[in-house]
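First the structure, then my questions, so here it is.
The values are calculated or read from the model by the stated rules, or taken from the named source; none is laboratory data. In this text, all values refer to a predicted model and were calculated from it rather than measured experimentally. All Cβ positions, glycine included, derive from the backbone under ideal geometry; neighbour counts span all protein chains shown.
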Amino acid sequence: MAEDKRYLFESFLSIIKAFNTYNVRYVVIGGVAVIIHGMPRLTQDLDILIEMTPENIEKLKKALKSCFNDDSINEITLRDLESYSVIRYGTPEGFHLDIMASIGEKADYNSVEIGTKEVEGIKIRVATAQSLYELKKDAIRPEDKRDALFLESLLKNNKKT
């Protein structure tokens, strides 16, 4: 079980490394972002907000193609990202990448505060703890409520130091 979790996280990191290599304008949100901020947690997908430009979508597709030999990556389009709240890309390895233009009216790439964290030598563009808290504080899912409590505690402890 621990090996499976490690493999999954390493897969997430390889995607992020490819995003950096191809200069994709992205920000990690969701469970992986909470993990990066220090909460021990499980997640089965990588959630990202991306800048909505044709050039950035092409960079995203090139980065994904460098990770996966999968022609379905060509089906990711700016039009679909403008039309749907999330495009879920199912990788050949069996996990998912949720690609988002926005989170409803709450946030998009340009409105989320982005920080940088380094994990295993890879710089990751990740939503700040404050931005993640704002996204999760009114959530319904139990895991999002737990994330919000962790982030709230993290923010309070950081203000004390």
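Do you know which residues across the range 97-114 are surrounded by 16 or more Cβ atoms within 10 Å (Cβ to Cβ) and within 25 Å of L42 (Cβ to Cβ)?
L97, D98, I99, M100, I103, A107, V112, I114
Check R25, R88, R41 and return the single one that is out of contact with any Phe, Trp or Tyr (no Cβ under 9 Å at 6 or more places or on another chain) and of a type in the set (K, R).
R88
Still on this structure, please answer the following. Considering only the range 75-125, how many residues are polar (S, T, N, Q) and within 14 Å of V24 (Cβ to Cβ)?
Narrowing the range 75-125 to residues polar (S, T, N, Q): 77, 83, 85, 91, 102, 110-111, 116.
Now narrow it down to the ones that are within 14 Å of V24 (Cβ to Cβ): none.
Total satisfying the criteria: 0.
So V24 passes all but one of these: (1) assigned to a loop (DSSP other than H, G, I, E, B); (2) surrounded by fewer than 18 Cβ atoms within 10 Å (Cβ to Cβ). Which condition number does it fail?
(2)
Does L154 satisfy the condition of being part of a helix (DSSP H, G or I), under 15 Å from I48 (Cβ atoms) and among the hydrophobic types (A, V, I, L, M, F, W, C)?
No, not satisfied.
Take the residues in the range 14-34 that are aliphatic (A, V, I, L, M) and within 11 Å of the chain's Cα centre (by Cα), then tell me which one is farthest from M100 (Cα to Cα).
Step by step, filter the range 14-34, then rank; the result is V34.
When both residues are 6+ apart or on different chains and their Cβ atoms are under 8 Å apart, which pairs have a first residue that lies in the range 81-107 and is touching a residue at least 40 places away in the same chain (Cβ under 8 Å) and of a type in the set (D, E), and a second that is assigned to a strand (DSSP E or B) and surrounded by fewer than 16 Cβ atoms within 10 Å (Cβ to Cβ)?
So the pair list comes out as D98/R88.
I would also like to ask the following. Quick check, is L149 aliphatic (A, V, I, L, M), without any contact (Cβ under 8 Å) to a residue 12 or more places away in the chain, assigned to a helix (DSSP H, G or I) and more than 21 Å from L64 (Cα to Cα)?
yes
Out of all the residues in the range 85-110, which are assigned to a loop (DSSP other than H, G, I, E, B), modelled with pLDDT of 90 or more and within 21 Å of K136 (Cβ to Cβ)?
Across the range 85-110, the qualifying residues are V86, A101, Y109, N110.
Provide a single number: the residues in the range 111-141 that are under 14 Å from the mean Cα position of the chain (by Cα) and assigned to a loop (DSSP other than H, G, I, E, B).
Total satisfying the criteria: 3.
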